[in-house]
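A quick write-up on the structure given underneath.
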Amino acid sequence: MSPIDEVIKNKKTNINPIWIMRQAGRYLPEFRKIREKNKDFIKLCLNEELSSEITLQPLKRFNLDAAIIFSDILILPYGLGQKVEFEKNFGPKLGDLNLNKISQIDEVDFVEKVHRVYKAIKKVSLDLNLKNKSTIGFVGAPWTLLVYMINQQSPKKTLKANFFKDEFLINRILLIIEKFLKIHIKHQIDSGANIIQIFDSWAGLLEEKDLPNYIYSPTLNLVNFIKSLNVPVICFPREIKNYKEFCDIVKPDAVNIDYNLNPKEILKNIKIPIQGGLDPKILLTDKETLRKETIKYLEIFKNHPYIFNLGHGILPETNPDMVEYLVKTVKDFK
């Protein structure tokens, strides 16, 4: 059993597993070399040779406890036939949303478009160097995918003014998203993913009154589906105001906290295993500050099942030496 499984399933508190969101990617020079020759990001995610190689790059450098597949949450709208592009210094841009076209997509069409993600997971999970390490698959949460598909770009601070105007469209798209997320998750698990993380990057945009419809209910459906497949599920409802209520209703096996939260308050309110919390910007400081902040989280969660991670994805300008130092600090902590 991997150390992350030990924490999630057996509630172990005497070990400190670590992995890092976006660990396979932009801060590594070996990744940048590949990216330089592969300008189309979605095509790169769908190249099983390169995406499995990228997934394993950080594990060749650092003593991490999990591989997380190099992919993207927007593979789902891509698989549904919506155009998805990534523009430098802007982020994702999605094409027009055609409900009639998307409604006609079936499982065969979808899997045909994205099956190389599953091939990459299979390659990674069979890698001999991954003994005693977890293979993490992931999806975007229904709300976050809805935001991208209707907004057609990152909302940053706010949604388009008319975002909620077509309730029929929203409800129909949410049902389609849920259906195909389940298909996507099942194929990832069948290919060797033994943990699933659900990223709700835009959970913080919603008012409290809208949480049951857009966050709690659709995410709970996914969590129950993943549990039915006997695989642990970690949720990251980023910048949600009430983590306790989220955990009480959605009941993930573990929850990733963001860096704006007071970890001591989280410890008081949440009983399930906790992951993450460190501000990625701390990795841009110096070793002394990094050590101090890392130890702070390890001390607070010393007697609680805890997986070390960040409170958001690692920043592209991070020095790999700082990651090396972070991993060593976590592993040496007693």
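Bear in mind these aren't lab numbers, they're just calculated from the coordinates by the rules spelled out. This structure is a prediction, so every number in the text was calculated from the model and none was measured. So basically every Cβ, Gly included, is an ideal-geometry build from the backbone, and we count neighbours across all protein chains shown.
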Go through the range 297-334 and name the GluC sites (Glu not before Pro) that are in a DSSP coil and have 14 or fewer other Cβ atoms within 10 Å of their Cβ. Glu317
At 222 nm, what helix-only mean residue ellipticity would the chain give, in deg cm²/dmol to the nearest 500, using -39500 (n - 2.57) for each DSSP H run of four or more? -14000 deg cm²/dmol
Relative contact order [Cα under 8 Å, 6+ residues apart], the range 128-231, whole percent: 45
Mean separation of Cα contacts under 8 Å, 6 or more apart, over the residue count of the range 3-332: relative contact order %: 22
Anyone know which of Phe41, Phe168, Phe246 comes out most mobile in the 10 Å Cα GNM of the chain? Phe168
To test your reading of the geometry: what angle, between 0 and 90 degrees and rounded to tens, separates the Cα axis of helix 48-61 from the longest principal axis of the chain? 20
Relative to the longest principal Cα axis of the chain, at what angle does helix 107-125 sit, 0 to 90 degrees, rounded to 10? 10
Using a/c under 1.5 as the rounded threshold, could you call the range 134-202 rounded, prolate or oblate? The axes a ≥ b ≥ c are square roots of the C-alpha gyration tensor eigenvalues, and prolate needs a/b larger than b/c, oblate otherwise. oblate
Starting from 0.36 nm per residue, how many nanometres of slack lie between Lys165 and Glu317 once their C-alpha separation is accounted for? 50.8 nm
Within the range 74-96, whose backbone N sits under 13 Å from a point 7 Å along Cα→Cβ of Glu112? 80-81
Mean Cα-pair separation over length for the range 1-126, i.e. relative contact order, pairs under 8 Å, 6 or more apart, %: 26
When the charge dipole of the chain is computed with +1 on Lys and Arg Cβ and -1 on Asp and Glu Cβ about the Cα centre, the Cα farthest towards its positive end, among Ile196, Ile121, Leu59, belongs to Leu59
Dividing the Cα radius of gyration by the Kirkwood radius, what Rg/Rh value follows for the chain? 0.94
How much length is gained if the chain between Glu265 and Glu245 is pulled fully straight, taking 0.36 nm per residue apart and subtracting their Cα-Cα distance, in nm to one decimal? 5.9 nm
Just for the Cα atoms in the range 1-86, what are the lengths along the principal axes, largest first, rounded to whole Å? 45, 31, 19
To make sure I understand the rule: partners must be aspartates and glutamates, Cα under 12 Å from the Cα of Lys93, and not fewer than 8 residues away in the same chain. Which ones qualify? Glu85
List the aspartates and glutamates whose alpha-carbon lies under 13 Å from that of Lys101, not counting same-chain residues fewer than 8 positions away? Asp109
Please compute the net charge surrounding Thr55, taking Lys and Arg as +1 and Asp and Glu as -1 over other residues with Cβ under 15 Å from its Cβ. +3
Where the centroid of each part is defined by its Cα atoms, how far is the range 126-164 from the range 225-252 in Å? 15
Counting other beta carbons within 10 Å of each Cβ, put Cys235, Cys247, Cys45 in order, fewest first. Cys247, Cys45, Cys235
Quick one: which residues, 5+ away or cross-chain, put their amide H under 5 Å from the amide H of Ala66? H built at 1.01 Å from N. Ser134
Take the Cβ-Cβ distance between Lys331 and Arg26 as r, set R0 to 25 Å, and report the resulting FRET efficiency rounded to the nearest 0.05. 0.55
Work out the count of Lys pairs in the range 170-293 where the Cα-Cα distance is under 21 Å, with the pair 8 or more places apart or on different chains. 25
